[in-house]
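Read the figures in this text as sums done on the coordinates, not as results from a lab. Just so it is clear, the model here is predicted, and its values are computed rather than measured. Don't worry about glycine lacking a Cβ; one is built from the backbone with ideal geometry, like all the others, and counts go over all protein chains shown.
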Amino acid sequence: MSARPDAPYDVERVRKDFPILQRSMRGKPLVYLDTAASAQKPQAVIDAIVDLYSKHYANIHRGLYELSETSTRLFDEAREKVRRLLGAADAREIVFTRNATEAINLVAASFGRTHVGPGDEVLITHLEHHANIVPWQQLCLEKDARLRVAPVSDAGELRLEELERMISPRTKLVALAHVSNALGTINPVREVVALARAHGVPVLVDGAQAVPRFPVDVRALGCDFYVFSGHKLYGPTGIGALWARAEHLEAMPPYQTGGDMISSVSFEKTTWNKIPHKFEAGTPDIAGAVGLGAAIDYVSALGLERIARHEDDLLAHGTRLLGEIPEVRIVGTARRKAGVLSFVVEGVHPHDVGTILDQEGIAIRAGHHCAQPLMDRLGLPATARASLGLYNRSEDLERLAAGLRKVVEMFR
Amino acid sequence: MSELRELYQTMILDHYKRPRNRGRPEAADRRAAGDNPLCGDKVTVFARVKDGVVTDVGFEGSGCAISTASASLMTESVKGRRVEEVAKLFDRFHEVVTGASEPGSDLGKLTVFVGVREFPMRVKCATLAWHTLRAALEGGGAVSTE
């Protein structure tokens, strides 16, 4: 189904798939540069959800009638699509969650509580999103364990040799982002996994910013857990997924309990359903999963290699354009980056940058990007962040640069 | 651009770049800290109250143009006023920046913030220092001497 990787990328055609991009913003064409926060949705995703509710909807795994059968099949197909997207061996290794945050919480509560004890350590990095900090911090507090943090350089690159030194017999898990949401840094996940595995330490990868931007293969990465959110992958909100090696899922206790995750229940004893159902208590977000499946079809048809190349070209273009404005400083200059341009404007707070750009019809994010420890490390209260999606075009970055010149002018 | 110019008036930019009453007054006996977790703006407001009158006031912190200018102009506007008057002034200021009422001469220089009403997401920026001042005057407590 995928387009040939060398076929030209027709962004104008892609844009026609996104109804929201047809609207104007403050009298100007909308420039949406906040895809790292959440992606806009193609018509195919919207249609899949409407279709399900209009034609096929019923609860799954229950009814003996056709609607329930169809609903169940569509839900199961969505799981299979996630498996293929991540290059996983088996669809039983895919657990649907609300989002990446819930997937991390699931691992912290289930795997973490089982394996982390007093005096043990969980190792994360300094550039994590709060979602990959707070669950581990709370686990460590509960277990009297220690949260350790591998440092990053001023450029925003993980200091691998420091991370290696911090892995010890006490380390029970390494958790890191594949791509930093605040800076765009691509972490050397394969190298980290190799270092951790040499000590028998499992690795969780937060792929929220990676999955929408380039092909991911969990078996090639060699990690143990991989999580992402559907809404950043052009799918609906409320659905995400955890991939975990089957042997982990088999051994892990349930995260939540209730209907659907059981095999049999009496008042004395309950036995758990097979994986992945053991981790999916209650009626799941059926429409969310089906919508996510449609989103995966959509990006797969475009080809994630081509999306990656398109966004890389845009990132280079944007970096060049912002570099031409003396008052603008790009924050995060890692050699390997994806999709994110974080910056500050001299003498102007990022919030004011955001307000002025909004008046130009340009949507960016300003703030700490749910990465306060990273901001503290960089000595900044906040940054402005322009982030790319598969529908952005060179013109969007030219409008951004023009908008930033207005910001500078206004505060001169 | 006209709405933007109204938001970022010359006086606001001036107070952003050169905030007045920055720092902790020597004799301050009230303080409170405020923050806007959404944007990371932080402010600490110090005040000295004598016989029910705010005799001195200052602030520290970092924030956007609106929150910094608001803190700066607030300190100029409340110095020498009775505590009850300050509370009334805040109410009026709040009404004006949220668009609930029109500005009048009673606001003095604070009328420059009238443009905030067109930017509902920035109301919190304009009122952060005021909320913090109110906390300082109401609960206050002694300024730490460390």
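Taking only the Cα atoms of the protein assembly as shown, the radius of gyration and Dmax are 26.4, 80 Å. Inter-chain neighbour count for A:344-353: the average number of beta-carbon atoms from partner chains within 10 Å of each residue's beta-carbon is 5.
Of all the Cα-Cα pairs you can form in region B:38-146, what percent are over 22 Å apart? For region B:38-146, the fraction of Cα-Cα distances above 22 Å is 28 percent.
Centre-to-centre separation between the Cα atoms of region A:5-84 and those of region A:321-337: 33 Å.
Using C-alpha pairs below 8 Å separated by at least 6 residues, the relative contact order for chain A is 23 percent. Neighbours of B:L4, meaning other residues whose beta-carbon lies under 13 angstrom from its beta-carbon, give a summed charge of -3 when Lys and Arg score +1 and Asp and Glu score -1.
Helix B:123-138 axis versus longest C-alpha principal axis of chain B: approximately 20°, rounded to the nearest ten. Charge dipole (Cα centre; +1 on Lys/Arg Cβ, -1 on Asp/Glu Cβ; no other charges) of chain A amounts to roughly 120 debye.
Considering only beta bridges that DSSP places wholly inside chain A, some 60 percent are antiparallel. For A:K406, the lysines whose Cα comes closer than 20 Å to its Cα, not counting residues fewer than 8 places off in the same chain, are A:K28, B:K17. Can you give me the span-like helices of chain A, meaning DSSP H runs with 20 Å or more of Cα extent along the axis and Kyte-Doolittle mean at or above 1.0? The answer, listed by residue number, is A:286-302. Here's the list of aspartates and glutamates a cross-link from A:K278 could span, going by alpha-carbon distance under 13 Å and ignoring same-chain residues fewer than 8 apart: A:E93, A:E250, A:D260.
Write down the Kirkwood hydrodynamic radius of region A:1-111, to one decimal in angstroms, obtained as one divided by the mean of 1/r over all alpha carbon pairs. Averaging 1/r across every pair of different Cα atoms and inverting gives 17.6 Å. In deg cm²/dmol, rounded to 500, what helix-only [θ] at 222 nm does chain B give when every DSSP H run of at least 4 residues adds -39500 (n - 2.57) and the total is split over its residues? Mean residue ellipticity, 222 nm, calculated: -13000 deg cm²/dmol. Annotation for A:Y9 and B:T55: the two label points, set 7 Å from Cα along the Cα-Cβ direction, are 6.7 nm apart.
Counting charges near A:I60 (Lys, Arg +1; Asp, Glu -1) among other residues having Cβ under 14 Å from its Cβ returns a value of -4.
Largest GNM mean-square fluctuation across B:D35, B:D91, B:D56, computed for chain B with C-alpha springs under 10 Å, falls on B:D91. Pull up the cross-link candidates among the lysines for B:K50, meaning alpha carbon to alpha carbon under 21 Å and not fewer than 8 places away within one chain. Cα-Cα hits under 21 Å: B:K79, B:K88.
When each of the peptides A:86-97, A:62-73, A:284-295 is scored by the mean number of other C-beta atoms lying within 10 Å of its residues, the order from highest to lowest reads A:284-295, A:86-97, A:62-73. The convex hull around the C-alpha trace of region A:193-254, projected and averaged over every direction, spans 5.0 square nanometres. Taking the three principal axes of the alpha carbon atoms in region A:244-319, the coordinate ranges are 64, 26, 20 Å, sorted in descending order. How far is helix B:65-78 tilted off the main Cα axis of chain B, in degrees rounded to 10, range 0 to 90? So the inclination is approximately 50 degrees. Amide H neighbours of A:L173 under 5 Å, counting only residues 5+ apart in sequence or on other chains, H built in-plane at 1.01 Å? When sequence neighbours closer than 5 places are left aside, the close amide H contacts are A:L123.
Before rounding to the nearest 500, sum -39500 (n - 2.57) across all DSSP H runs of length at least 4 in chain A and divide by the residue total; then give [θ] at 222 nm in deg cm²/dmol.
One gets -11000 deg cm²/dmol as the mean residue ellipticity at 222 nm.
For the Cα atoms of chain B, what angle does the longest principal axis make with the long axis of helix B:83-98, in degrees from 0 to 90, nearest 10? Rounded to the nearest ten degrees, it is 20. What the Cα convex hull of region A:229-270 gives, in volume per residue, is 104 Å³.
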